[in-house]
1. In percent, what relative contact order does the chain have, based on Cα pairs under 8 Å that are 6 or more apart in sequence?
2. P(r) for the chain, please, calculated from all Cα pair distances in 5 Å bins and given in %.
3. Restricting things to alpha carbons, tell me how big the range 47-182 is in terms of Rg and Dmax, in Å.
4. Run lengths n ≥ 4 of DSSP H only: what is the helix-derived mean residue ellipticity at 222 nm for the chain, with -39500 (n - 2.57) per run over all residues, to the nearest 500?
5. Obtain the nm distance between the two label points defined at ARG204 and THR66 by a simple spin-label model: each point lies 7 Å from its Cα along the Cα-to-C-beta direction.
6. Between beta-carbons, use under 14 Å as the cut-off and find the net charge around THR181, counting Lys and Arg +1, Asp and Glu -1.
7. With +1 on the Cβ of every Lys and Arg and -1 on the Cβ of every Asp and Glu, and nothing else charged, how large is the dipole of the chain about its Cα centre, in debye rounded to the nearest 20?
8. When the convex hull of the Cα atoms of the range 38-85 is projected onto a plane and the area is averaged over all directions, what value comes out in nm²?
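Any read-out appearing in this document is the output of simple, stated calculations on the displayed coordinates, not a laboratory observation. Please read all numbers here as calculations on a predicted model, not as lab measurements. For neighbour counting, all protein chains shown are included, and Cβ atoms are generated from backbone atoms with ideal geometry for every residue, glycine included.
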Amino acid sequence: MSKKLITSCLALFALAAFVLPAVASASPVVTHPTGTKLATGTKITGTNIGETLLKDGSGNILARCTNVKMTGELTKNTGTEIEGTITTATFQGTGGAGTGGMNECTGSLGSMTVTTNGNNVDGENLANGTPWCLKSGANDTFQVRGNACNLAARAITFILHSTTVGECQYSRAAANPLTGTFTTHSTGDALLSLTSGTGTEMARENNNIFCPTPGTLEMTFTLETDEATASPMYIS
């Protein structure tokens with residue numbers, strides 16, 4: 001084989017090595033079970049793995065929730081895009097019984113209930129509460145912004161009802177969705193993670209000076225079927 005042909009082959013192999021992973025990560029699809037494309041309209045559940053934390057800019061834990069659950073519906077699963085509308089989100093911890101009988105989250109702000117839902121879900125009607133839209137991005141990333149996926153983007157707002165400092169309201173602007181990363185089937189079932197930092201910063205929205213700003217969100221959750229016996233979903 002000529003030196004020129006060998007050089008050309010090496011160049012093609014190098015190009016394939018560069019392009020193929022990029023295409024794979026830019027073309028995610030939700031499967032259940034592994035290898036079977038999940039139909040749109042399927043109900044999904046997101047359940048926390050480990051603790052869900054809201055930290056201040058110095059890393060102090062303002063809120064610690066140990067039981068977080070989100071429910072919603074898969075609205076797009078084309079092989080190049082994944083979208084799902086999150087309709088409910090509940091945050092509970094190891095504290096005493098709070099509003100609605102849910103166990104309160106704990107942290108440096110004391111025990112607290114967390115309000116996240118709109119549309120009178122669970123008796124809550126928070127402006128800029130749920131629904132939220134979860135959407136895949138390039139390189140195994142995702143974003144979460146306010147409102148259903150088929151509607152215009154809006155802000156996301158959380159309210160912490162603290163027993164010690166009162167109400168702390170945090171918000172992420174519509175133009176800056178929360179951003180995180182997800183794992184693919186090569187490492188197991190789908191895990192989506194938000195890490196404390198600029199991609200998850202939420203500014204204080206009310207004037208309570210006892211509520212530090214910004215707050216940064218940290219959580220990992222797994223995607224499962226919304227059934228009595230949940231089973232894991234995968235991202236390929």
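1. Over the chain, the number comes to 20 percent.
2. 1, 7, 13, 18, 18, 14, 10, 7, 4, 3, 2, 2, 1, 1, 0, 0
3. For the range 47-182, the Cα-based Rg and Dmax read 15.1, 48 Å.
4. Details: 1 runs with 24 residues, N = 236.
Mean residue ellipticity, 222 nm, calculated: -3500 deg cm²/dmol.
5. 2.8
6. On the way: positive: LYS135; negative: ASP140, GLU218.
With Lys, Arg at +1 and Asp, Glu at -1, the net is -1.
7. In total the dipole reaches around 800 debye.
8. On the way: hull surface 19.0 nm².
Here the figure is 4.7 nm², rounded to one decimal.
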